[in-house]
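The next block holds one structure in the form of structure tokens; read it before the comments.
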Amino acid sequence: MIIIKNVRDHQGNVSDIEIESSHNISIDGAGLTCLPALVDTHVHFREPGHSHKEDWGTAAQAAIEGGVTTVFDMPNNNPPCITLKNLHLKKALIDKKLSTVDIPLRYHLYFGADCHHFDEIPKCRNQVVGIKVFMGSSTGTLLVNKQNDLERVFEIAASEDMIISVHAEDEEIISQNSKKFSSETDPSVHSKIRHPDAAKAATAQAIALAEKYGTRLCILHMSTKEEIELVREAKARGVKVYAEATPHHLFLDDSRYRDLGTKVQVNPPLRSLSDQEALWIGIQDDTIDFIGTDHAPHTLEEKQRPYGSAPSGVPSIELLLPLLLNAYNHGLLTLEQIIKLTRTRAEEVFRLEPHSDVVLVDLDLEKRVDDGQLKTKCQWSPYHGQVLKGWPVCTILKGNIYEIEAVQCQKL
Ligand code: DOR
Ligand code: ZN
């Protein structure tokens, strides 16, 4: 049994909290706040195939450092997770890697939709958290952009009662814009090529399909006001549509190409301040259900290549909670909203097993983000140098204590 003494809950009430554990330890929680550990609904932990960018050992350490004890991992691996066989190979590899770092991270895998393997979907039904559909191409080879193929996936998912999570960017619009802007070399052209129109068109198409077949649909990494409006209207019509936002779309905007260049090249791209504002309104009116990091590590060497050769993606799993607590300290959202967006809504929508993992946070601790201290293998973030107020100090996963800052522990 773990007892956390004199700890505050998210409403500020102080009490002792008991957590089932094979260890008998008491933790002094005075001055700390206990929150449910986070679910990160969107990560790319890169194995199999790209372990030079990240592996499940380093990624699990980064997750714990950020108070995250559950992750949903994306299928754009090599080989991609598009068959039952590949799914089993991926699971075996992950279990082996997690055991080497002694972190029994809770994880769920996405099945990747691929036009040639639709018959594999029902076979994987009870073993995946959902089906990931790349409607526009991004990192990796997965793409389903033909209307007929999309109709089939949405129909299969509905009949199997599986959720579809979409990367909603229209392939045709992206490829036309790529030609149109082919002479531009500044990384900021990325936001012109992957224009808001591409996100709007694909999101509208996905919502129409969900409505037609009764499919449960999640729009991943919403980045534009147009998407927010479409999802808000669809929810009001009773469509079973859910929405995710990422920290980079909430905390960075397209002016940051100036200082960060291809480091902040990401799909969908960074947007204008008015889009960012629409996301925050979407948080306030519950249009947005989850915040997932889209943790997409690439090495610094890869990211320092010129625009056109640099890969897209931003890592952030261990900074999600500090960024949100900092936003809380600036009055942008409440602790209740953080809990909903990073745990309870995902548990409901994705029907997760309940558990009692928690993270102890120091709401007043101020620290500067230092890329050199990050646990992610890629060792960089777009937040380097920023002072954030509110940090996790201890994560408890399956009754195991992981100290981030020194906490006072005693044997019971
Ligand atoms: O920027 C991105 N990076 N967007 C994606 O859709 C994939 C991700 C990655 O895997 O690198
Ligand atoms: Zn992603």
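The values are calculated or read from the model by the stated rules, or taken from the named source; none is laboratory data. On a predicted model such as this, the values are computed, not experimentally measured, just so you know. Please note: Cβ atoms are built from the backbone with ideal geometry, for glycine as well, and neighbour counts cover all protein chains shown. The accessibility values were calculated without ligands, DNA or RNA, using every heavy atom of the protein model including side chains. Shrake-Rupley method; radii C 1.70, N 1.55, O 1.52, S 1.80 Å.
Annotations for the structure displayed:
- Residue identified as away from ligand 1 (no atom under 15 Å from the Cβ), under 21 Å from the mean Cα position of the chain (by Cα) and among the charged types (D, E, K, R) among R216, R194: R216
- Residue within the range 168-175 that is open to solvent by less than 10 Å² (accessible area, probe 1.4 Å), at negative phi and either of a type in the set (K, R) or in contact (Cβ under 8 Å) with a residue 12 or more places away in the chain (or both) present: yes
- Considering the range 103-139, the residues that are open to solvent by 50 Å² or more (accessible area, probe 1.4 Å) and under 23 Å from the mean Cα position of the chain (by Cα) include one that is nearest to L38 (Cα to Cα), namely R106.
- Every residue from the range 145-162 that is closer than 17 Å to C81 by Cβ and surrounded by fewer than 21 Cβ atoms within 10 Å (Cβ to Cβ): I156, E160
- Look at (1) closer than 28 Å to Y328 by Cβ; (2) within 15 Å of ligand 1 (Cβ to nearest atom); (3) not β-branched (V, I, T) and you find that S255 fails only one, number (2).
- For the range 317-338, a tally of residues being surrounded by 15 or more Cβ atoms within 10 Å (Cβ to Cβ) and either without any contact (Cβ under 8 Å) to a residue 24 or more places away in the chain or out of contact with any His (no Cβ under 6 Å at 6 or more places or on another chain) (or both) returns 15.
- Residue check for P268: within 16 Å of ligand 2 (Cβ to nearest atom) and either surrounded by 24 or more Cβ atoms within 10 Å (Cβ to Cβ) or at pLDDT below 95 (or both): yes
- Scope the range 75-98; condition under 19 Å from the mean Cα position of the chain (by Cα) and aliphatic (A, V, I, L, M); matching residues: I94
- Qualifying residue in the range 22-43 (condition: open to solvent by less than 10 Å² (accessible area, probe 1.4 Å), away from ligand 2 (no atom under 16 Å from the Cβ), closer than 20 Å to V361 by Cα and within 13 Å of the chain's Cα centre (by Cα)): yes
- Top-ranked residue in the range 294-309 [being away from ligand 1 (no atom under 11 Å from the Cβ) and touching a residue at least 24 places away in the same chain (Cβ under 8 Å); ranked as most open to solvent (accessible area, probe 1.4 Å)]: Q304
- Filtering the range 304-328 to residues that are assigned to a helix (DSSP H, G or I) and within 16 Å of ligand 2 (Cβ to nearest atom) leaves I317, L320.
- Residues satisfying the criterion are present in the range 113-130 (criterion: assigned to a strand (DSSP E or B) and either in contact with a Cys (Cβ under 9 Å, 6 or more places away or on another chain) or without any contact (Cβ under 8 Å) to a residue 12 or more places away in the chain (or both)).
- Whichever residue in the range 344-395 is assigned to a loop (DSSP other than H, G, I, E, B), in contact (Cβ under 8 Å) with a residue 24 or more places away in the chain and charged (D, E, K, R) and, among such residues, is nearest to V407 (Cα to Cα): D357
- Some residue of the range 81-100 being within 23 Å of C124 (Cβ to Cβ), within 16 Å of ligand 1 (Cβ to nearest atom), modelled with pLDDT of 95 or more and not in a helix (DSSP H, G or I): yes
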